[in-house]
Amino acid sequence: MVLITLEGIDGTGKSTLLSALEDSLSDLSPVFTREPGATWIGGQVRRAIAERADPLTEALLFAADHASHLSSIVRPALAEGRLVISDRYTDSRYAYQSATLEGIIPDPLGWLRAVHDGWTIPPDRTVLLVLPVAEALRRKAGAAVPEHFEEATLLERVQKNYLRFAEEEPSRFLIVDAGRPAHEVHSLVAAAIRDWHGSLRSRRQRP
Ligand code: TMP
């Protein structure tokens with residue numbers, strides 16, 4: 001019944017953080033999930049990224065993956081009263097695709113929000129990992145084949161978008177400096193998730 005999302009540009013250490021959270025939050029039995037997902041639609045999204053599909057095709061595939069993610073994992077888990085923690089979610093679309101669609105369609109962010117309107121489930125809380133783009137790219141430098149999103153000017157725009165969303169919704173977002181040591185980032189985020197889970201759950205259980 002509580003939906004928490006983790007967001008940030010590539011290279012901010014989300015994967016390291018997630019595997020630490022899997023251990024430290026195991027007593028809450030969270031459902032850990034991600035976008036793009038592990039379904040066949042998620043597979044098509046990864047193929048579109050690898051083959052550099054045009055930005056509109058890519059955006060619509062990411063949105064289709066979100067619909068499938070909601071129906072197969074998020075909605076059923078929330079209905080069972082579970083804590084759901086998603087590695088990327090709608091804000092990834094709003095931050096990345098509003099940058100990739102710039103100059104292709106008018107008002108990309110407005111369009112992306114309209115595409116999700118009426119069926120998406122907004123996250124209760126969002127952890128935003130923030131790191132200077134140069135440092136994030138340095139961390140990704142070892143990756144075998146960089147994805148086309150891993151490019152400095154694009155990531156600058158994406159991070160700026162994320163920070164704007166956080167400014168617009170300060171009560172939903174927790175901004176975390178991903179340049180801090182990994183164990184500090186982990187204990188800070190784990191404590192925040194415990195706190196949110198406790199308070200949101202008791203608020204929702206009240207008659
Ligand atoms: P990942 O590296 O977290 O697996 O995500 C794959 C890439 O896809 C990453 O560069 C972020 C990007 N992405 C989008 O552009 N839009 C989206 O909606 C999602 C979920 C990911």
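Listed values, structure above:
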{"item": "Selection count where residues are part of a helix (DSSP H, G or I) and out of contact with any helix residue (DSSP H, G or I) (no Cβ under 8 Å at 6 or more places or on another chain), scope region 16-59", "result": "12"}
{"item": "Hits in region 117-143 (condition: within 13 Å of the ligand (Cβ to nearest atom) and over 25 Å from residue 172 (Cβ atoms))", "result": "137, 139, 140, 143"}
{"item": "Per-region count, region 102-130, residues over 23 Å from residue 45 (Cα atoms), open to solvent by 70 Å² or more (accessible area, probe 1.4 Å) and touching a strand residue (DSSP E or B) at 6+ places or on another chain (Cβ under 7 Å)", "result": "0"}
{"item": "Residues of region 67-89 that turn out to be open to solvent by less than 10 Å² (accessible area, probe 1.4 Å) and over 18 Å from residue 1 (Cα atoms), as a count", "result": "0"}
{"item": "Hey, residue 49 away from the ligand (no atom under 13 Å from the Cβ), within 23 Å of residue 159 (Cβ to Cβ) and among the aliphatic types (A, V, I, L, M) or not", "result": "no"}
{"item": "When residues of region 87-116 are limited to those that are touching a His at 6+ places or on another chain (Cβ under 8 Å) and of a type outside the set (Lys, Arg), the one farthest from the ligand (Cβ to nearest atom)", "result": "116"}
{"item": "All helices (runs of 4 or more DSSP H) inside region 131-207 with 2 or more residues being open to solvent by 60 Å² or more (accessible area, probe 1.4 Å) and touching a helix residue (DSSP H, G or I) at 6+ places or on another chain (Cβ under 6 Å)", "result": "152-168"}
{"item": "Residue 73 being aliphatic (A, V, I, L, M), touching a helix residue (DSSP H, G or I) at 6+ places or on another chain (Cβ under 7 Å) and at pLDDT 95 or above", "result": "no"}
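The values are calculated or read from the model by the stated rules, or taken from the named source; none is laboratory data. Note that this is a predicted model, so its numbers are computed, not measured. So basically every Cβ, Gly included, is an ideal-geometry build from the backbone, and we count neighbours across all protein chains shown. Remember, those area values only see protein heavy atoms, side chains included, never the ligands or the DNA or RNA. Shrake-Rupley method; radii C 1.70, N 1.55, O 1.52, S 1.80 Å.
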